[in-house]
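Structure, as structure tokens:
The values are calculated or read from the model by the stated rules, or taken from the named source; none is laboratory data. What you are looking at is a predicted structure, and each value in this text was computed from that prediction instead of being measured. Quick reminder, even Gly has a Cβ in these numbers, built from the backbone with ideal geometry, and neighbours come from all protein chains shown. Quick note on the areas: whole protein, heavy atoms, side chains included, nothing else; ligands and nucleic acids left out. Shrake-Rupley method; radii C 1.70, N 1.55, O 1.52, S 1.80 Å.
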Amino acid sequence: MRLFLVLALWLLGVAHVLASLNHILGIHCKDGVLLSASSKQGMSVLSLKDDVENIRSVGDCLVGFSGHSVLCDHLYNSLDIQNKRLEMTLGRGLSTSEVLGYCRSLITGQYRGIVMQQEQEIFGVLIAGFDDDNDAGGRTPILYWVNEFGETFPVPYAAHGVLASSLLSYCDRIQTDLMNDDTATSATATPPHGWRSLSKEVALRHVEEAWETLQRRSNIVLNRVHTKWLAAAARPSPASKTEGQSQ
């Protein structure tokens with residue numbers, strides 16, 4: 001199986017510049033996390049699938065993938081197998097920390113040589129889940145960035161893909177504007193700032209503008225953009241997670 005993946009990704013890598021450009025954008029806003037994915041179909045005989053679902057549910061998380069469809073599909077299937085095993089044995093799906101752990105294990109172990117053959121910033125994962133260490137008042141959404149080395153960090157926003165710098169530049173500008181405009185103060189608690197102060201509706205408008213900015217700056221036309229939402233949920237059941245709905 002590993003040899004097959006190496007061969008398939010090498011063939012796809014020959015024409016990666018002309019192949020699909022898949023990107024994933026994540027925003028941690030006021031009441032949840034938005035994951036938004038896009039693809040651009042190139043003019044290559046070795047083109048990737050343009051109907052691949054780049055954002056999928058795994059356990060109590062939404063997982064977004066950026067990279068060659070062969071690797072992304074295989075990573076998702078591996079996570080899904082672990083999730084189904086846990087459902088059969090313990091009656092629950094993978095938690096956020098467990099999804100993170102399996103991602104790190106797969107990327108640094110089974111997929112290490114394969115991922116290293118891809119150009120930097122092409123492969124990446126974003127995970128919208130719940131903060132397992134913070135259960136006060138309900139289940140708190142959180143966004144994790146995972147890179148090709150298996151490093152993971154909680155972030156307010158993140159992006160993966162060949163042209164991710166354009167998305168991040170837009171997000172940086174909005175974050176700076178929001179921080180400068182935020183005059184809320186409290187003697188007892190720190191209110192959410194930046195992106196985390198925005199409602200889902202406002203954040204969605206910014207996500208749409210981020211994709212439009214990417215297209216203008218890069219002179220490309222995106223075939224498909226889809227967005228999913230992970231909302232804050234009440235404890236105690238992981239099944240109470242609000243599943244992402246396509247926008």
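For the range 74-92, the criterion of a residue being buried (at least 16 other Cβ atoms within 10 Å of the Cβ), modelled with pLDDT under 90 and of a type in the set (S, T, N, Q) is satisfied by no position. The test for being at pLDDT 85 or above and either open to solvent by less than 50 Å² (accessible area, probe 1.4 Å) or not in a loop (DSSP other than H, G, I, E, B) (or both) holds for Leu230. Across the range 28-42, the qualifying residues are those that are of a type in the set (S, T, N, Q) and either surrounded by fewer than 17 Cβ atoms within 10 Å (Cβ to Cβ) or outside any loop (DSSP other than H, G, I, E, B) (or both), and the one among them that is modelled with the lowest pLDDT is Ser39. Remark: pairs (first residue in the range 134-152, of a type in the set (Gly, Ala, Ser); second residue in a strand (DSSP E or B) and modelled with pLDDT under 75; Cβ separation under 9 Å; 6+ apart in sequence or on different chains) = Gly138/Ala233. In the range 47-58, the qualifying residues are those that are open to solvent by less than 50 Å² (accessible area, probe 1.4 Å) and modelled with pLDDT under 90, and the one that is farthest from Gly32 (Cα to Cα) is Ser47. Looking across the range 103-128 at every residue that is at pLDDT 85 or above and among the small types (Gly, Ala, Ser), the one that is most open to solvent (accessible area, probe 1.4 Å) is identified as Ser105. Looking only at residues in the range 134-160 that are touching a Ser or Thr at 6+ places or on another chain (Cβ under 9 Å), open to solvent by 20 Å² or more (accessible area, probe 1.4 Å) and not in a strand (DSSP E or B), the one that is modelled with the lowest pLDDT is Asn134. Pairs are defined by a Cβ separation below 7 Å, a sequence spacing of at least 6 or placement on different chains, a first member in the range 170-182 that is under 8 Å from Gly194 (Cα atoms), and a second member that is polar (S, T, N, Q) and in a helix (DSSP H, G or I); the pairs so defined are Leu178/Ser197; Asp182/Ser197. Checking each residue in the range 166-190 for being among the small types (Gly, Ala, Ser), open to solvent by 30 Å² or more (accessible area, probe 1.4 Å) and at pLDDT 90 or above picks out only Ser169.
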